[in-house]
Amino acid sequence: MTTPPPSPIPAATLVLFRSGGGAPELLFVERSRTMAFAGGALVFPGGRVDPGDHALAATFDGDPDESAARIAAIRETLEEVGLAIGLQAIDADRLAGLRAALHGGVGFGDALVAAQAVLAIDGLVPFARWCPSHAPARIFDTRFFLAEVPAEAPDPVVDDTENVRVFWATAQAVLDLADSGAAKIIFPTRRNLERLAQFDSFRAAVADTADRPMRTVTPWVEDRDGMPHLCIPTDLGYPVTAEPMEDAVRG
């Protein structure tokens, strides 16, 4: 009997851009090797959508699941790297207090009130949504958002719990690291990096995203030339849409 896949866990992640002299750099964290999902892999900041994110989403117009995912991406980025993306009216001291409160188990809503900070979720740009279907692995229904880091933003500082390193690099540089064996990236991250490597600026990425359909990407296995490949749709802007199963790294 085939084991049905587990119910997907809603999640969100934030692809942060900063401008430089050449290709834009993106912010990456390296997950602790002890983590059950994507241990040791390079990923973008992000994590599960919590009930508290849904509670806060009720105060915004629009799709409540979309708003909750945006809030989760903002919260997780603050927790993991200490950057206040999507927050207004907060200085460095209150930002530090807000992050400490989250690490101490305070709910995001209560922590925002204590820090006198205001959520501004409209600045996050929807980029992609991925939801694998392979069993029996844990499955995340992950929404990817784009955002640009303000020039005056502080340097990111890793949380040193789920993640052990944070750094800026171009999409192509991380692909090269993975190809050399110096880094681990899972299948969705690789496909998104290949897509992001096409853009020479945050503005270009946003413009391309606006021209693409937004559909959930659920990879499937297909035999090609006698070899199983993990495949994705060809009309969503990804330059590589199939990879041999023996090469694909899954979470």
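Read-outs: derived from the displayed coordinates by stated rules, not from any lab. Quantities reported herein were computed from a predicted structural model and do not represent experimental measurements. Cβ atoms come from the backbone with ideal geometry, glycine included; neighbour counts cover every protein chain shown.
Helix-derived [θ] at 222 nm for the chain: sum -39500 (n - 2.57) over DSSP H runs of at least 4, divide by residue count, nearest 500?
Result for the chain: -9000 deg cm²/dmol, rounded to the nearest 500.
Return the long-range amide H neighbours of Val249 (sequence gap of 5 or more, or a different chain), with a cut-off of under 5 Å between placed amide H atoms.
Phe187
Would you mind working out the magnitude of the charge dipole of the chain relative to its Cα centre, with +1 at each Lys and Arg C-beta and -1 at each Asp and Glu C-beta, to the nearest 20 Debye? If you can, show how the numbers build up before the last one.
Working: 21 positive and 35 negative charges, 64 e Å.
Charge dipole, the chain, about its Cα centre: 300 debye, nearest 20.
Using only the Cα atoms of the stretch 92-232, what are the Rg and Dmax in Å?
Rg then Dmax for the stretch 92-232, in Å: 18.5, 60.
Just subtract the alpha-carbon distance of Met245 and Arg18 from 0.36 nm times their residue separation and send over the number in nm, one decimal.
78.4 nm
Counting DSSP beta bridges in the chain, what percent are antiparallel, to the nearest 5?
Working: 29 of 40 bridges.
Antiparallel bridges: around 70 percent, rounded to the nearest 5.
Based on the alpha-carbon gyration tensor of the chain, what equivalent-ellipsoid semi-axes (square roots of 5 times the eigenvalues) come out, in whole Å, largest first? Let's see the in-between values first.
On the way: eigenvalues 174, 84, 65 Å².
Listed largest to smallest, the semi-axes of the chain are 30, 20, 18 Å.
May I ask you to compute the full-extension gain from Ala182 to Glu152, defined as 0.36 nm times their residue separation minus their alpha-carbon distance, rounded to one decimal in nm?
Contour length minus the Cα-Cα distance gives 7.7 nm.
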